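Right, I'll just put the structure down here and ask away after.
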Amino acid sequence: MDQNIFVIGQGGREHAIAWKLSKSNKVDNVYVCPGNGGTSLEENIINVDINIEDKDSLINFAKNNNIIMTIVGPEGPLVDGIVNSFIENGLKIFGPTKEYAILEGSKVFSKEFMEKFDIPTASFRMFSDNIEAKNYIKNKKYPIVVKADGLAAGKGVIISNDEDEAINAIDKLLGSNHSEYIVIEDFLIGQELSAIYICNFKGASYEIGLPWTKDYKSRDEFNSGPNTGGMGAVSHPLGYQHKNLLFKLHLEIEKILIKTIAAINNYNKKTNKNYLGFLYIGLMINNDNDIKVLEYNCRLGDPETQNLMLTLENQNIDLYDLIVNDPINSIKDFNLLKIDTEESSYCCTIVLAAKGYPDAYAKDFFLDISHIKQSDKIKIFHAGTVIKNNKIQVVGGRILTVNVFADTKEEAVNLAYENIKKINVFEDENLSVQNQNLVFYRDDIGN
Ligand code: AMP
Ligand code: GLY
């Protein structure tokens with residue numbers, strides 16, 4: 001009987017997860033729902049056309065297609081309880097139940113969770129009353145950060161530079177049509193780091209640490225412009241540090257991890273369930289090397305996953321083993337085993353985005369990527385694309401990532417830029433009217 005995997009989602013993250021699992025000799029086919037243009041072109045990956053909010057149809061699909069494991073990419077279905085529904089139907093699924101997904105799904109819950117368990121995070125207050133919130137932001141030090149409580153597809157966090165902006169942010173995020181609660185917190189300066197762990201069936205205490213990555217959040221170079229879903233990623237972002245400092249940072253991050261796991265295990269007593277799935281700790285490291293938690297996510301990051309999957313592939317590690325096998329018998333922490341130095345190899349991910357993103361963006365134009373020679377070290381993962389008459393049509397703001405794995409940072413970054421420049425952009429399906437202005441990417445990934 002076939003051993004098939006079912007991946008839910010349609011972004012670059014899901015293309016990368018599906019691609020990596022399709023490389024496992026323990027997996028026959030990977031189905032992706034709904035997938036994208038890139039997944040439709042891969043060998044052994046099949047797109048499935050089901051609305052991802054239609055849980056019953058997803059469950060029926062898993063029951064009828066020899067699915068040995070379903071993996072959920074985005075946070076929406078997790079917060080919505082897709083894992084609970086699959087488990088109730090006797091199906092194996094990798095992701096936290098909704099009782100845990102609330103760690104990402106509610107800022108109020110996660111901030112209280114951090115406060116209760118003494119996990120370092122930005123000082124904050126929460127509000128349900130508009131006037132009280134506006135009184136609080138008077139005479140505060142700016143910038144200040146206003147966050148909606150629930151999931152908001154990247155639009156729920158507003159960094160305000162003065163009182164007027166903060167008042168607008170409160171009006172935008174709090175109130176009848178918006179969030180019942182908001183969190184207002186201090187602005188943290190520093191470098192962001194994504195520390196992502198795999199918590200498989202034995203629970204959070206047996207977590208496997210994936211290599212650290214850095215996501216480039218803002219649209220423009222040198223952290224300017226609006227916040228986006230992520231414009232690029234690199235592995236080993238701390239590689240420039242002296243090794244003593246690196247070990248110190250490592251210890252600090254481990255402390256945060258251990259406190260987080262203790263908090264999850266304490267919460268276990270209430271839910272009576274293990275934390276199963278990816279645990280993403282979003283960190284901010286300031287100039288004094290103090291580390292604070294910005295957020296918890298209950299899934300893999302995008303575009304960090306594209307970077308991580310190409311790295312795992314080049315290190316001959318089977319993602320299926322990490323997810324399914326006994327963690328005690330697997331490699332437990334990539335950062336401990338392979339201390340994070342630039343010399344130990346490097347992966348660079350650059351996002352190609354549609355002009356206008358993250359606001360209203362250009363779409364329905366076409367790409368020719370045939371001049372890029374893909375290999376086991378150079379890989380394109382698609383996101384906002386579909387295939388129309390054998391041509392790549394753009395339908396989303398983040399279009400694709402160019403990912404390069406190399407021995408050194410310089411080589412990875414240079415090759416990634418060399419290759420992204422080979423992508424030709426056309427207004428028409430016949431690829432006759434070229435217009436490179438329909439796309440953009442950041443010039444400083446790796447800095
Ligand atoms: P969140 O969903 O809470 O992670 O916020 C999304 C992004 O907003 C983060 O990845 C940061 O880039 C930025 N951000 C959130 N909170 C803060 C903060 N307190 N200080 C500075 N930047 C923040
Ligand atoms: N790259 C950030 C995220 O996935 O939330």
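The values are calculated or read from the model by the stated rules, or taken from the named source; none is laboratory data. Note that this is a predicted model, so its numbers are computed, not measured. In this analysis, Cβ positions are derived from the backbone assuming ideal geometry, glycine residues included, and neighbour counts consider all displayed protein chains. Quick note on the areas: whole protein, heavy atoms, side chains included, nothing else; ligands and nucleic acids left out. Shrake-Rupley method; radii C 1.70, N 1.55, O 1.52, S 1.80 Å.
Among what's in segment 277-289 and is open to solvent by 40 Å² or more (accessible area, probe 1.4 Å) and either within 13 Å of ligand 1 (Cβ to nearest atom) or not charged (D, E, K, R) (or both), pick the residue that is farthest from ILE196 (Cα to Cα). Full working, then the answer.
Our first condition is that a residue be open to solvent by 40 Å² or more (accessible area, probe 1.4 Å); within segment 277-289, this holds for 286-288.
Filter once more, so that each one left must be either within 13 Å of ligand 1 (Cβ to nearest atom) or not charged (D, E, K, R) (or both): 286-287.
Numbers: ASN286: 19, ASN287: 22 Å.
It comes out as ASN287.
Okay, next question. Scan segment 292-299 and tell me whether some residue there is at pLDDT 90 or above, within 16 Å of ligand 2 (Cβ to nearest atom) and among the basic types (Lys, Arg). Break it down stepwise before answering.
Taking segment 292-299 first, the residues at pLDDT 90 or above are 292-299.
Add one more test, that the residue is within 16 Å of ligand 2 (Cβ to nearest atom), and what stays is 293-299.
Subset that is among the basic types (Lys, Arg): 299.
Yes, segment 292-299 contains at least one residue that is at pLDDT 90 or above, within 16 Å of ligand 2 (Cβ to nearest atom) and among the basic types (Lys, Arg).
Any residue at all in segment 137-156 that is under 11 Å from GLU185 (Cβ atoms) and of a type in the set (D, E, K, R)?
yes
Sort out for me the strands (runs of 3 or more DSSP E) sitting completely within segment 341-413 that have 1 or more residues that are exposed (fewer than 15 other Cβ atoms within 10 Å of the Cβ).
It comes to 385-388.
Away from ligand 1 (no atom under 16 Å from the Cβ) and open to solvent by 40 Å² or more (accessible area, probe 1.4 Å): does that describe ILE67? Working first, answer last.
On the way: away from ligand 1 (no atom under 16 Å from the Cβ): yes; open to solvent by 40 Å² or more (accessible area, probe 1.4 Å): no.
Spelling it out, it is not the case that ILE67 is away from ligand 1 (no atom under 16 Å from the Cβ) and open to solvent by 40 Å² or more (accessible area, probe 1.4 Å).
Still on this structure, I have one more. Among strands (runs of 3 or more DSSP E) lying entirely in segment 146-233, which contain 1 or more residues that are out of contact with any Pro (no Cβ under 8 Å at 6 or more places or on another chain) and either among the aliphatic types (A, V, I, L, M) or open to solvent by less than 60 Å² (accessible area, probe 1.4 Å) (or both)?
157-160, 182-186, 191-199, 218-220, 224-227
Which condition number in (1) of a type in the set (Lys, Arg); (2) within 14 Å of the chain's Cα centre (by Cα); (3) under 30 Å from ASN316 (Cβ atoms) is the one that LYS217 fails?
Condition not satisfied by LYS217: (3).
From LEU245, LEU300, which residue is part of a loop (DSSP other than H, G, I, E, B), in contact (Cβ under 8 Å) with a residue 40 or more places away in the chain and hydrophobic (A, V, I, L, M, F, W, C)?
Just a single option satisfies the conditions, and that option is LEU300.
From the list LYS155, LYS147, pick out the single residue that is within 19 Å of ASP215 (Cα to Cα) and either modelled with pLDDT of 90 or more or within 16 Å of ligand 2 (Cβ to nearest atom) (or both).
Of the residues listed, the single one that is within 19 Å of ASP215 (Cα to Cα) and either modelled with pLDDT of 90 or more or within 16 Å of ligand 2 (Cβ to nearest atom) (or both) is LYS155.
Of the residues ILE17, ILE5, only one is more than 28 Å from PHE365 (Cα to Cα), crowded, with 24+ Cβ neighbours inside 10 Å and modelled with pLDDT of 95 or more; which?
Answer to the check: ILE5.
When you look at ILE258, is it more than 20 Å from CYS348 (Cα to Cα) and free of Cβ contacts under 8 Å to residues at least 40 places away in the same chain, yes or no?
yes
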